[in-house]
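Step one of this worksheet: look at the structure below.
No lab work stands behind these numbers, since they all come straight from the coordinates. Model, not experiment: these values are computed from the prediction. Counting neighbours? That spans all protein chains shown, and the Cβs are built from the backbone with ideal geometry, glycine included.
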Amino acid sequence: MAFAVSEAQCTNEPVESENQLAPLFVCLDANSPLPSNEYLRVIAVSSPQSSDLEHVSTVCNTRTAGKTQNTSKVLVANEPLQLSDVSCNSLNEYDTCDASEKPYLSGDVEGVVVRHEFALHVRGARHCRRLEAMLDKSDLYSGCGSSTAVAHKTSRREKDSEGLLPSVMLKQATRRGCEAVFAYLELITVRLPTTLGKPLRAPLEELVQMWELDYLLTKCMSENTSNAIKRRLKEESKLSTNGQEFRDCQRAVYFQMILEGAPHSLDLLLEVAMLSDFLLIEPLRQLTCAFVASLALNVSSEAELLQLAGLPRLMTEEELGPLYEQFPFMRPDTCPNT
């Protein structure tokens, strides 16, 4: 089954028939209504790309001319996602700022940001333990028909024309990052993900299923990196004589392509890992973290490791402290002894 997001999923009016499931997610225009009350709104806000910053600033200064002086801070492009920057809120009153990729001025998010909205179906949200708690509170599980639940739904409908669930806002989350997460949720509705432990007992491609590795190399990589890997693998597949030889070649190919583009070739993968950690999608967090670990295990020198991490030198224990505090699962002592 292909897991690419179809064009039909990126419309405001998804087509649904008796024999067809509603799309797992739908791309929305800003503040457009949800397709039905079985969807919740997910809002991704991130920094504009560096090429857009000047245009965004010019447009927003023009809009505020003669009213108030523009003192809003422009977020730094490619600022890393912080878990403290991810929250669940009902969002309102975003001022449109006409620039590429729909940037907005927000009172909730300081400065100019790029905003994308999605409608996520509850069957996908149930795979996110953090969102599952919201579903429990809103009695939106299928088959919920008690009089209390009906009264609750009616009350919420009167108060909230946008939907029965509060909006979920992910700060410093990009459109591609969200779509990659949603693509994984679509996959695991019909597939059983692999449970990965620490430390890895074998090369990753020997531990995971083919669809999981394919997901990592296509959905969690930039388009340029993904296409380069596909081209090289197609060439190498003609030369490989057996399955094991091809797996070894596959590992060397994707590692080399990712290393050549590092650290930016890992930007999307790391964003997906961070989002899965916040949304509590455990199999996706395991998969992405295991992939990062497997890449580190494939380096042949300290220089390659630094290149992969985008560091000029090794970090000191003092520098690693705040990192471990924010991401406790990265501590070496959380890895069981072999």
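Structure notes:
- Oblate is the label for segment 283-338, because the ratio a/c of its alpha-carbon gyration tensor axes (a ≥ b ≥ c) is 1.5 or higher and a/b is not greater than b/c.
- Label-to-label distance, nm, for residues given as F329 and R247 (7 Å Cα→Cβ offset): 2.5 nm
- Each of L297 and I188 was given a label point 7 Å from its Cα along the Cα-to-Cβ line. The distance between the two points is 2.1 nm.
- Packing-based ranking of 122-132, 318-328, 245-255 yields 122-132, 245-255, 318-328, ordered from highest to lowest mean Cβ neighbour count within 10 Å.
- Footprinting exposure proxy for Y184, Y215 (fewest neighbouring C-beta atoms within 10 Å first): Y215, Y184
- Segment 204-334 pair-distance distribution - Cα-Cα, 10 Å bins, rounded %: 11, 40, 35, 11, 2
- Normalising the average separation of contacting C-alpha pairs (under 8 angstrom, six or more residues apart) by the number of residues puts the relative contact order of segment 204-334 at 23 percent.
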